[in-house]
1. For the peptides 126-137, 204-215, what is the packing order when you average, over each peptide's residues, the other Cβ atoms within 10 Å and list the highest mean first?
2. Given H placed 1.01 Å from N in the peptide plane, which residues other than close sequence neighbours of ALA483 have an amide H under 5 Å from its amide H?
3. For TRP120, TRP200, what's the largest-to-smallest order of accessible area, 1.4 Å probe?
4. Largest first, what is the accessible-area ranking of VAL477, VAL350 with a 1.4 Å probe?
5. Rounded, prolate or oblate: which one fits the stretch 174-302, using the alpha carbon gyration tensor with axes a ≥ b ≥ c (rounded when a/c is under 1.5, else prolate when a/b beats b/c, else oblate)?
6. If r is the Cβ-Cβ distance from ALA275 to TRP208 and R0 is 35 Å, what FRET efficiency results, to the nearest 0.05?
7. Once label points are set 7 Å from the Cα along Cα→Cβ at both HIS351 and VAL289, what is their separation, rounded to one decimal in nm?
8. I want the local charge near GLU513. Using Cβ-Cβ distances under 15 Å, sum +1 for each Lys or Arg and -1 for each Asp or Glu among the other residues.
Amino acid sequence: MSLVRRPLARFSPAAADGDGLPWRGVWPEAVLVVSGAVLDLLVTWGSWGGPTAPVWMAVMFSLGAGLALAPLRRRPATAAVLLSALLVVCDQLGAFTANTVQLLLPIAVGVVARFADLRWTAPVAVLACAATAVNLADPGIAFTRGAWYYSVGLVAAPALIGRYLRGQEGRLREDPAPLLDLLLAGGGVTFAVLGTWPSWDSGTPPVWAVGLGVVLAGLALGVVRHLPGAVLLLESVVLVVADQYVPQTGNGLQLLALIALGMFATRASWSWVAAAYALTCSVTAIVIVDDPSDITLFRVIALMAMVTAPVAIGRYARSRQAEARQAADLQAERTRADRLAERERLAREVHDIVAHHVGAMVLRAGAAQYAGATGPAAEALADIRETGHRVLEDLRGLLTVLRDPGGEELVLADPDDVMRDAVDRMSAAGLRVRLRMAGDPARAPLVVRASAARIVQEGLTNVLKHAGPGARAEIAVSLEDRALTVEVRNGPGAGRPADVLPSPGHGVAGMRERARALGGRLTAGPTGDGGWRLAATFPLPRDDAGAGVGHDCRIPSAPRLT
């Protein structure tokens, strides 16, 4: 049995310790044993003391049903084998514990299918089918095809559910909603079948038709969270039809309608809940009342109280859900307010530091220019002044977006102009820059071209900063294979600048984040000739391929914070 135990390692007691549950030692096994024994006591209590069921024997069988569950958590295959053997023994001895074991055996098979591989699930399922067939077979009566269907179906259903859960383990961990629907459907079918099974042949319809209707009524709970009103109507119709043709199955299906009513009460308004309450009371009265003379005030009050219970539970759950949503919305608003306050603070800091120093630089350059500077110094001062003005304009726009992330739109400069302006400025600073474009990059979306232009701008700045004037830089921008590619390559510099510009070391990281934000990637590293290569690739959206994008396009501003 070691092959079954290994997949159950993640279902060990230690896994539950992290949640603070006292599942250490033998406590889980003890709980399983007690649960199985108590369940059998509840099922077989009425048969105790008879000639075929003395008390001591009934107690022994109850303990046996509980002990057979002991290995269910660690070795489910062993538990399934023990339950199969106990089912056959109880059936041959005429012990009513067979009813309890028949309920527990499919559960054990489902656990095996969930945690063990198919090499163990298949033989265990076959053994459980055989034991179920022995239990269903009556002495002297031929085992019909319908009985075979029930023998296989009672075991195949939990086995398929277990295999499904095993295959969906990763998805269900992320989104447990399908698991909840599946459990509701499985629980509904199990309850409906076990509650009505002995009465399937008590009416005029064939047994297979009754069984099919019962199974469909149970499966309807699988969609009760999504369509509670429709499920309530279906269960009401099933109850009325069952009371008309198979009266003894109505009480077993009553709980399904009450569950649907409770779920409906969590979704609908009070007027619709009142209508559903009246409908359920009427249908319940049709099922429960056989003779009009049996109607008494006490029975009417008891019936109405029984139907009121799921409505009260549903409305309470609705109020708790509303409170949870309000708390979540309030927390989201607080988080958004905190983030907006942080953005405002950052905007003030950036404005006070960067704008102040850049503005002072522009003013000093302008003053030096008006003081009568001539020659290359005048050209450099004019360039510094113009660049400072552009920096202040760009900074002003970015700070506006930072302060007001709910702005409608942000107008971007033409990326081609930004790229050519960067080339001209670097050339004026002493770099020998060559720009090549291939494949009509203007067909790419504006936001992609804008990011590519900023990367070219930053890349040329790094070349000037680290290689110095006299270095040769090559820029290649191409659009091919549904991607926009940008490459900035430079050779070794002729000499480093006299005053090395400050470099915090965040340039490449910032460019990489810019590329990653659009689904692209950026690489940077030295070349074999002592130079440096910077390359970025931006994938293009499928619906934008071949579509021209005008220079006046606009893109949304920073996304709203939630």
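1. On the way: 126-137: 19.6, 204-215: 16.8.
Going from most to least packed, we get 126-137, 204-215.
2. Here the answer is LEU540, since their amide H atoms fall under 5 Å of that of ALA483.
3. Working: TRP120 55, TRP200 10 Å².
The ordering from most to least exposed comes out as TRP120, TRP200.
4. Values: VAL477 5, VAL350 50 Å².
Solvent-accessible surface, decreasing: VAL350, VAL477.
5. Oblate shape, in that a/c is at least 1.5 and b/c is the bigger or equal ratio.
6. After rounding to 0.05, the efficiency reads 0.50.
7. Going from the HIS351 label point to the VAL289 one covers 7.6 nm.
8. Working: positive: ARG454, ARG512, ARG514, ARG516, ARG521; negative: GLU458.
Every neighbour counted, the sum reads +4.
The values are calculated or read from the model by the stated rules, or taken from the named source; none is laboratory data. This is a predicted model, so every value here is computed, not measured. Because the Cβ atoms are built from the backbone with ideal geometry, glycine has one as well, and the counts that use them run over all protein chains shown. The protein model used for the area step is the full one, side chains on, heavy atoms only, and it has no ligands, DNA or RNA in it. Shrake-Rupley method; radii C 1.70, N 1.55, O 1.52, S 1.80 Å.
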